[in-house]
Structures are given as structure tokens and as C-alpha cells.
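Have a look at the structure below before the remarks.
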Amino acid sequence: MKTKSKGRQHRACAMAAIGFALALLLANAQTTKAQWTTGTNINNTNSGNVGIGTTSPGSALEVSAAVPIIAITGSTSNAFRGLSLKDGNTEIGTLQSNGNSGELRQTA
């Protein structure tokens with residue numbers, strides 16, 4: 001009777017392990033859900049707070065860093081960029097700047 005060489009035995013074990021792992025993955029495919037979805041919009045479906053640079057955010061969005069700068073970059077020259085504060089769908093305030101003219105606008 002011929003026996004398999006050790007190299008063939010190791011390959012057979014590795015292939016069996018890969019097959020088993022793949023079977024487990026496919027068996028759980030219907031219950032596995034990604035935390036993020038991609039497309040035109042990127043959405044985080046978690047119901048809690050979101051933190052960048054922190055593992056325990058204390059507000060809806062918390063950015064924590066040695067120098068926490070949030071960059072808002074536009075692609076149109078001579079245009080205003082900024083923040084819009086809303087209550088539901090109603091805009092209640094804005095903070096905008098125009099890097100080309102140096103103008104700063106604030107509404108409340």
C-alpha cells in the first residue's frame with residue numbers, strides 16, 4: 001500500500017481546513033451584516049455616537065486629536081464652503097467662508 005508523502009498530507013489538511021472555513025463563512029452569510037455600506041452615500045447604521053480618534057464619543061460626532069481640524073474642501077473656485085446647522089429640515093444657522101475672497105459669513 002502506498003502512503004502519501006508528508007508534503008501531500010500537509011496540503012490535504014490545509015485544503016480541508018480551507019474548505020471547512022469556507023463552509024462556515026457561507027453558512028453564516030445570511031446573518032452577517034457589514035457595519036458600513038458604500039455607494040453614492042456612505043452610511044453608518046449604528047444607533048450610537050460616532051467617534052473619530054476616540055473609542056468613547058460623548059456626542060453624535062466627536063473628533064479627537066492633538067490638533068482637531070475638520071477640513072471642508074470644495075472643487076469650485078470662488079465658492080463658499082461651511083457648516084449648516086439644521087433643526088430637522090429647517091436651516092437655523094450657517095458658518096461659511098470663501099477662501100478666494102477671505103469673506104466669512106455667519107447667519108443665525
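In this structure, is THR73 modelled with pLDDT under 80 and either hydroxyl-bearing (Ser, Thr, Tyr) or outside any strand (DSSP E or B) (or both)? No; evaluated as a whole, the condition is false for this residue.
Can you pull out the residues in the range 80-100 that are free of Cβ contacts under 8 Å to residues at least 12 places away in the same chain, in a loop (DSSP other than H, G, I, E, B) and surrounded by 11 or more Cβ atoms within 10 Å (Cβ to Cβ)? Result: no residue meets the conditions. The combined condition, being at pLDDT 70 or above, exposed (fewer than 11 other Cβ atoms within 10 Å of the Cβ) and among the aromatic types (Phe, Trp, Tyr), is fulfilled by PHE20. Selection over the range 92-102 of residues that are modelled with pLDDT of 90 or more, farther than 17 Å from ILE69 by Cα and not β-branched (Val, Ile, Thr) gives a count of 1.
The values are calculated or read from the model by the stated rules, or taken from the named source; none is laboratory data. For clarity, every value in this text was computed on a predicted model and none was experimentally measured. Reconstructed Cβ throughout: ideal geometry from the backbone, glycine too, with neighbour counts over all protein chains shown.
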